Every structure is written in structure tokens, then in C-alpha cells.
Amino acid sequence: MKTMTIRGLDDSTAKALKDRAIREGTSINAALLKIIQEEFGIKEKSRTRIYSDLDHLAGTWSEREFKAFQKKIEDFEIVDENMWK
């Protein structure tokens with residue numbers, strides 16, 4: 001195995017790399033190696049992403065999926081007036 005040094009790494013790139021390693025629960029070296037291998041097609045890109053929010057879901061539902069979801073939660077829209085007296 002070869003060892004390489006990356007020079008000229010700016011602070012924002014270094015921070016992004018460190019944050020990614022933390023999110024993936026791995027070392028910075030392992031995270032960078034994975035990025036390089038995926039970029040060059042040596043390793044298939046991971047389809048599993050680790051998120052700490054639901055932003056990746058925004059705008060992804062079809063109209064049919066939205067209506068199905070609304071149907072499933074419609075019971076939660078009913079207000080029991082007796083509970084609020």
C-alpha cells in the first residue's frame with residue numbers, strides 16, 4: 001500500500017472531511033479513502049447515508065404517496081371536543 005500526503009487543504013475542506021468521518025463513525029483517513037475510491041469507480045458508492053434530519057425526504061413524495069400518507073393520518077386530525085372542556 002502506498003502513502004500519500006495532501007498539501008494545500010483549506011480549512012473548510014478539512015472541516016467537511018472531519019465532519020463526514022464523524023458522521024460515518026470512521027477515521028478521517030478511512031473517510032477520504034472511501035471518497036477517492038467511489039469517485040474513481042474503484043468502489044461502488046454507498047447508497048446508505050447517515051442523516052441527522054429529514055431534509056432528504058423533502059419534495060420526494062409523489063401525489064399518490066402524499067394522498068396515502070394523508071389517509072393514514074386523518075384520524076389524528078379529529079378533535080375530541082369533550083377533552084377540551
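The values are calculated or read from the model by the stated rules, or taken from the named source; none is laboratory data. Because the structure is predicted, anything quoted here is derived from the model rather than measured. Every residue, glycine as well, gets a Cβ built from its backbone with ideal geometry; the counts of neighbours run over all protein chains shown.
For the reader, a short list of remarks on this structure follows.
- Residue check for A58: under 17 Å from the mean Cα position of the chain (by Cα), small (G, A, S) and at pLDDT 90 or above: no
- Subset of region 61-85 [part of a loop (DSSP other than H, G, I, E, B), surrounded by fewer than 10 Cβ atoms within 10 Å (Cβ to Cβ) and modelled with pLDDT of 80 or more]: S62, I78, V79, D80
- Screening K43 on (1) part of a loop (DSSP other than H, G, I, E, B); (2) on the phi < 0 side of the Ramachandran plot; (3) surrounded by fewer than 10 Cβ atoms within 10 Å (Cβ to Cβ) shows it passes everything except condition (3).
- Top-ranked residue in region 19-37 [being of a type outside the set (A, V, I, L, M, F, W, C), within 16 Å of the chain's Cα centre (by Cα) and exposed (fewer than 14 other Cβ atoms within 10 Å of the Cβ); ranked as nearest to T5 (Cα to Cα)]: D19
- K2 on the phi < 0 side of the Ramachandran plot, surrounded by 10 or more Cβ atoms within 10 Å (Cβ to Cβ) and not in a helix (DSSP H, G or I): no
- Looking across region 1-31, the residues that are closer than 17 Å to K45 by Cβ and of a type in the set (D, E, K, R) come down to R20, R23, E24.
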